[in-house]
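Undergrad: Sharing a structure here in structure tokens format.
The values are calculated or read from the model by the stated rules, or taken from the named source; none is laboratory data. The model shown is predicted, which means the values in this text are computed figures rather than measured ones. With ideal geometry, Cβ positions are generated from the backbone for all residues, glycine too; neighbour counts draw on all protein chains shown.
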Amino acid sequence: MKKNIHPNYRPVVFTDAAANFSFLTRSTVKTNETIVWTDGQTYPLYRLEISSASHPFFTGKMKFVDKTGQIEKFNRKFKNFRDAQAAKSEKKS
């Protein structure tokens, strides 16, 4: 195996301030901040904008689109077009 081609993994604390959620894992991310973790050791700190604790998909607060309303809106929008097409086809017959 070639030497010096693999990334340097190290323990890093990732924190999501919006959800007040942190976790310790191994990563290659570069950061200048540090934090003292619950085990008393100091680890590099990386701040996240969004994590599984704050993402709507994982929290269950996801906004569902009303499919029925969209179909009704489409039908209302193109009702005149459908009627015109139907009238045109009757006229040809």
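Undergrad: Test N8 against the stated conditions and say whether it is in a helix (DSSP H, G or I), at pLDDT 75 or above and surrounded by fewer than 10 Cβ atoms within 10 Å (Cβ to Cβ). Please lay out each step first, then the result.
TA: Values: in a helix (DSSP H, G or I): no; at pLDDT 75 or above: yes; surrounded by fewer than 10 Cβ atoms within 10 Å (Cβ to Cβ): yes.
When the stated conditions are applied, N8 does not pass them.
Undergrad: When you scan segment 22-30, do you find a residue that is modelled with pLDDT under 90 and either exposed (fewer than 15 other Cβ atoms within 10 Å of the Cβ) or assigned to a strand (DSSP E or B) (or both), even just one? It would help to see each step written out before you state the result.
TA: Initially, segment 22-30 is screened for residues modelled with pLDDT under 90, giving 22-23.
If we keep only those that are either exposed (fewer than 15 other Cβ atoms within 10 Å of the Cβ) or assigned to a strand (DSSP E or B) (or both) as well, we get 22-23.
Yes, some residue in segment 22-30 is modelled with pLDDT under 90 and either exposed (fewer than 15 other Cβ atoms within 10 Å of the Cβ) or assigned to a strand (DSSP E or B) (or both).
Undergrad: Next question. Run down F64, F78 and say which single residue is aromatic (F, W, Y) and either modelled with pLDDT of 75 or more or surrounded by 10 or more Cβ atoms within 10 Å (Cβ to Cβ) (or both). Lay out the reasoning, then the answer.
TA: Values: F64 fails: either modelled with pLDDT of 75 or more or surrounded by 10 or more Cβ atoms within 10 Å (Cβ to Cβ) (or both).
Residue meeting the stated conditions: F78.
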